Amino acid sequence: MAMKHFALAAFLLFGALAVQAQREPVEEAPADKGFKKENLFFGGNFGLSFGDYTLVNVSPQVGYRFNRYFAAGAGVNFLYSSYKRNYGVGANYKENYGNAGLNIFGRVYPIEYILLQLQPEANYVWGKIKYPDNTELKLKGEVVPSLLGGAGAVIPTGGRGSFIIMVQYDLLQNERSPYQNRAFYNFGYNIGF
């Protein structure tokens, strides 16, 4: 299953690069100094899933594109997940987890539509597990650091918007990290001001 997702992501990435390779190169004008409102961008992730597995993810970010090669910004994230399983009359199992946090990020664009990103985060994580015998285990809330490293592609959608596809990994691997010990895919959208 993971190989299919990787193959799909690779196909989309190379397809986007092939389309962009057909464009004529554009000469960059000398950079003006100072703050430019048009270099600001807003983006992030939003996710919803309901059923036996429920997920709510709201993670907006705002950034600034300093030049063709470098961008940086900050964001907040909120994630809630719940898993429930019914084992019969009165025998239910349920997990609830949440995290809320702050992050900053830096992006380097070595090639116009390819990005490398480093994103330190501080997430407050909490949770609760209810077992079929109705005993509960409450996970103590604590702040957990993460350092996400990743690479991805930027696919322009016309105007000032672009679709972002990334593969990221938590380099710190704290046992309470919301990202666990695996690479994960991140899909988002950026809109320029």
- [ ] List the strands (runs of 3 or more DSSP E) that sit entirely inside the stretch 35-137 and contain at least 3 residues that are of a type in the set (A, V, I, L, M), under 19 Å from the mean Cα position of the chain (by Cα) and on the phi < 0 side of the Ramachandran plot.
- [x] 53-65, 70-86, 92-111, 114-130
- [ ] Give the number of residues within the stretch 134-171 that are exposed (fewer than 15 other Cβ atoms within 10 Å of the Cβ) and of a type in the set (Val, Ile, Thr).
- [x] 3
TODO: Scan the stretch 18-28 and give yes if some residue there is out of contact with any strand residue (DSSP E or B) (no Cβ under 6 Å at 6 or more places or on another chain) and at pLDDT 75 or above, otherwise no.
DONE: no
- [ ] Within the stretch 172-186, count every residue that is touching a residue at least 24 places away in the same chain (Cβ under 8 Å) and either exposed (fewer than 13 other Cβ atoms within 10 Å of the Cβ) or in contact with an Asp or Glu (Cβ under 8 Å, 6 or more places away or on another chain) (or both).
- [x] 3
- [ ] Output the number of residues of the stretch 145-193 satisfying the condition of being assigned to a strand (DSSP E or B), over 14 Å from Gln119 (Cβ atoms) and not hydroxyl-bearing (Ser, Thr, Tyr).
- [x] 11
Open item on the list: Give all pairs with beta carbons closer than 9 Å in which a residue from the stretch 61-80 that is under 13 Å from Gln117 (Cβ atoms) and modelled with pLDDT of 95 or more meets a residue that is outside any strand (DSSP E or B) and hydrophobic (A, V, I, L, M, F, W, C); count only pairs at least 6 apart in sequence or on separate chains.
Closed with: Ala72/Phe66
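The values are calculated or read from the model by the stated rules, or taken from the named source; none is laboratory data. Everything numeric in this text was worked out from a predicted model, so none of it was measured. Glycine also receives a Cβ, built like all others from the backbone with ideal geometry; neighbour counts cover every protein chain displayed.
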